[in-house]
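S.K.: Dropping the structure in here first, questions after.
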Amino acid sequence: MNVLVVDGYNIIGSWGELKQLKLNDIGQARDRLIELLADYQAFTGMRVIVVFDAYYVKGIENRYKEYQVEVIYTKENETADECIERLVKDLKNVLNQVYVATSDFAEQRTIFGQGALRKSARELYIELNDIDKEITEKIEDSKNEGRPLKIPLKKDVLEKFEKWRRGNT
């Protein structure tokens with residue numbers, strides 16, 4: 001299985017839309033990143049984990065799923081980098097290919113030395129935009145041809161798109 005591990009605050013600081021949201025409300029920026037990653041997960045089928053360090057959210061380690069994205073807030077005094085290194089070590093095996101999305105050069109060197117593959121913040125941003133365009137095109141094509149969607153999404157996502165296509169929101 002392919003796994004994408006995302007350094008949350010690093011990505012937020014790298015993408016214009018999210019950086020702007022962060023200036024007003026860090027919670028909105030986190031929520032928007034999770035939404036974007038949920039679209040990515042639904043389209044690619046990859047396991048997606050986003051890590052936020054305890055810098056902005058103090059307290060104990062917290063893990064939960066939102067949509068199908070696994071969200072991790074590190075323990076207090078633990079950096080996202082340390083958590084990501086641990087995740088890569090735990091996840092990397094013959095059955096898993098682990099990609100890490102970060103713009104932190106020092107972190108890239110460390111985790112790539114552990115066998116993870118690089119996905120820069122810019123590359124992930126471009127992929128997300130391409131996916132969004134492809135979904136929009138597929139929906140428009142389906143509307144014009146009057147046929148159900150035929151794209152590689154999970155059944156519940158396809159059903160939602162099909163309802164939208166038919167105007168049953």
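S.K.: Need the list of aspartates and glutamates near Lys119 for cross-linking: C-alpha distance under 16 angstrom, and skip anything on the same chain fewer than eight residues off.
M.R.: Hits, sequence-local ones excluded: Asp7, Asp81, Glu85, Asp104, Glu107, Glu127, Asp130.
S.K.: Within the set Lys22/Lys65; Lys133/Lys160; Lys22/Lys89; Lys19/Lys138, which residue pairs have Cα atoms separated by over 25 Å? Kindly include the intermediate steps, with their values, before the conclusion.
M.R.: Working: Lys22/Lys65 22 Å; Lys133/Lys160 17 Å; Lys22/Lys89 30 Å; Lys19/Lys138 30 Å.
Distance filter (> 25 Å) returns Lys22/Lys89; Lys19/Lys138.
S.K.: Using alpha-carbon positions, what is the distance between the centroids of region 66-103 and region 22-36, in Å?
M.R.: Cα centres, region 66-103 to region 22-36: 19 Å.
S.K.: Round to the nearest 0.05 the FRET efficiency obtained for Asp130 and Glu78 when R0 = 35 Å and r is the Cβ-Cβ distance.
M.R.: That pair, Asp130 with Glu78, gives E of 0.55.
S.K.: Applying 1/(1 + (r/R0)^6) with R0 = 41 Å to the Cβ-Cβ distance of Leu95 and Glu162, what FRET efficiency is obtained, to the nearest 0.05?
M.R.: The pair Leu95/Glu162 has a calculated efficiency of 0.80.
S.K.: Turning to a different aspect of this structure: Could you sort 125-138, 39-52 so that the peptide with the highest average Cβ count within 10 Å comes first and the rest follow in order?
M.R.: 39-52, 125-138
Bear in mind these aren't lab numbers, they're just calculated from the coordinates by the rules spelled out. All figures in this text were calculated on a predicted structure; none of them were measured in a lab. Using ideal geometry, Cβ is built from the backbone for each residue, glycine included, and neighbour counts are taken over all protein chains shown.
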